[in-house]
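Reading through the C-alpha cells given below for one structure.
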Amino acid sequence: MSLFVHIDMNNFYASVECRVNPSIADKPVAVAGSPEKRHGVVLAKNEIAKKLGVKTGDTVSEASAKAPGIVFVPPRFDVYDKISKRMFGICNRYSYCVEPFGPDECWLDCTETVGLFGDGKKIADALRADIKNELGITASAGVSFTKLFAKLGSDMKKPDATTVITRENFREKVWPLAVGDLCGVGGRTEDKLHKLNIYTIGDLARADERVLKRLLGKPGADLGRVARGEEEGEVREAVRTRDMKSVSHGLTALRDLTTRDDAVTLINYLSELVAVRLKKYRVRARGAYLGVRYTDLTREGKQLSLPRPVRSSSDVADAATRLFDEIWNGEPLRSIDVGMFALTPDGAPEQLSMFDCESGSDCRERLDDAIAAIRIKYGKSAVIRAAQLDEDIYTDKDVGDFLPFKR
C-alpha cells in the first residue's frame, strides 16, 4: 500500500521574515507588495496577524484596520527561494521521490522508505523537527494512502502538527469536510456541486459518477474517486524533469487599463518576454492563450490553435491581441496574462503552406534576432516599440519582482 507525506511550511514568507529579523517575531507581521505598483495586498501573514483576522489578499489598509501596529515587509523572493531549496533538500533525506507543490510545500512518496525511518507519522514528525531545527520555521504534515488526502491532512492541524488519514478513518476525518477543502475543487466547481446538494466531501463520494461526469466532464468523475480514496496518484522525483507544457508571462498594470490601446501596449510587452523565453528554450508554439483580470478581480480567458508553430514576438502579440478582442467586455482591466502552449522543439517536422515561398514567421524571427543582438550590444532601450515611448502601464523592474510566478 502506498504511503504519502505532504509537508506545508506554516506562513512561509512571513515566517522567513520573522526568522531573519527576530525583533518583529512577537508582532503581527504581513508580507505585502508595493501599494504604489498596485501590489499592495497581503501575500502572507504570521500566526499573530492570522489570529487577529488578517487574510491573504487583504489590502494594506484592511490589514491595518484588523491588526493595529502590524508590521509590513516587502517580499524578498530570492531569500524565500534559498530557504525553499533547503527545505526540499531536507525532504530528500527521507525519500528520493519529492514533488514540489509551490515554494513552501511538497509531497513525498515514502512507500519504500518506511523500513529505514519508521511509519508515516514518525517520518512526518522527524521531517518537521529537522525543518524547525535547521530552518527555524514550523511545518505541518499530512500522512495518508493517497496524495490528496495527505495534502488535506496537512491543512487540518496548523501550525506545527501531523495528521494521519488512513483507510480505516478517512470517512470519519475527511467526509465531514466542506467539498471546497478538497484540492482540485475551485470556487466555480464548488458552486456547481452545491447546485446538486453536494456540500461535503462525503456528499461528493456518494454522488452518482454519471451525474458528476455529466456536470463536470471527466474531472468530475475523477473527483468522485478522489473523495472515495480510490486515487493514489504519483509523486514525481525532484530529479525527473517534467516536459514543459507552456510558456507564459503576466503582469499587473501600474494603472487601470481603460482602452484597447492600453491593453495592446501591455500585450506587446508581455509577448516580447514570452518570445524571449521560447527562443531560450528552443521551442515554438502551436497554441496561444490570453487571460485578463478586471478591476473587480473577476477573470476571463480564452485560447486558440495556430496554423503553424511560431516563436516571434509579433506572432505571439498578434494571436494574443486577437483573443483580447474576442473576450474584452470594455470594463477596466487590472492585469493581463499572455501564454503559448502546444510546444514543439526547434527543427521538428511541420506542414508548410504550398502558397508561401517564404514564411512570414521566419522573417519575424530573424527580425527578433536582429533586435536582440542590438539590445545586447547597446542596451534594452536601444530598440523599442513606438507605443512604449511614453507608456505608464508597467516598469521593467516588475519583471524581477515576480520571477517565482512566471511559468
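List of remarks:
- Subset of the stretch 182-235 that is among the charged types (D, E, K, R) and outside any helix (DSSP H, G or I) - its residue that is most open to solvent (accessible area, probe 1.4 Å): Lys195
- Hey, Val292 touching a Phe, Trp or Tyr at 6+ places or on another chain (Cβ under 8 Å), open to solvent by 10 Å² or more (accessible area, probe 1.4 Å), among the β-branched types (Val, Ile, Thr) and not in a loop (DSSP other than H, G, I, E, B) or not: no
- From the list Phe149, Phe170, the lone residue that is under 25 Å from the mean Cα position of the chain (by Cα) and at pLDDT 95 or above is Phe149.
- Some residue of the stretch 62-73 being closer than 11 Å to Val5 by Cα, basic (Lys, Arg) and modelled with pLDDT of 95 or more: no
- Residue match in the stretch 331-349 (condition: open to solvent by 80 Å² or more (accessible area, probe 1.4 Å), at pLDDT 65 or above, closer than 30 Å to Asp256 by Cα and within 22 Å of the chain's Cα centre (by Cα)): no
- Flag if Arg299 is in contact (Cβ under 8 Å) with a residue 12 or more places away in the chain and either on the phi < 0 side of the Ramachandran plot or open to solvent by 10 Å² or more (accessible area, probe 1.4 Å) (or both): no
- Residue check, Tyr94 assigned to a loop (DSSP other than H, G, I, E, B), touching a residue at least 24 places away in the same chain (Cβ under 8 Å), within 29 Å of Leu108 (Cβ to Cβ) and open to solvent by less than 40 Å² (accessible area, probe 1.4 Å): yes
- Residues (of a type in the set (Ser, Thr, Tyr) and either in a loop (DSSP other than H, G, I, E, B) or open to solvent by 70 Å² or more (accessible area, probe 1.4 Å) (or both)) located in the stretch 162-181: Thr166
- Residues (open to solvent by 40 Å² or more (accessible area, probe 1.4 Å) and either free of Cβ contacts under 8 Å to residues at least 24 places away in the same chain or acidic (Asp, Glu) (or both)) located in the stretch 120-161: Lys122, Asp125, Ala129, Asn133, Glu134, Asp155, Met156, Lys157, Asp160
- Close Cβ contacts (under 9 Å, 6 or more residues apart or on different chains) running from residues in the stretch 162-190 that are within 18 Å of Lys213 (Cβ to Cβ) to residues that are part of a strand (DSSP E or B) and among the hydroxyl-bearing types (Ser, Thr, Tyr) comprise Val179/Thr200.
The values are calculated or read from the model by the stated rules, or taken from the named source; none is laboratory data. Quantities reported herein were computed from a predicted structural model and do not represent experimental measurements. Every residue, glycine among them, receives a Cβ derived from its backbone with ideal geometry; neighbour counts consider all protein chains shown. Ligands, DNA and RNA are excluded from the accessible area calculation, which covers all protein heavy atoms including side chains. Shrake-Rupley method; radii C 1.70, N 1.55, O 1.52, S 1.80 Å.
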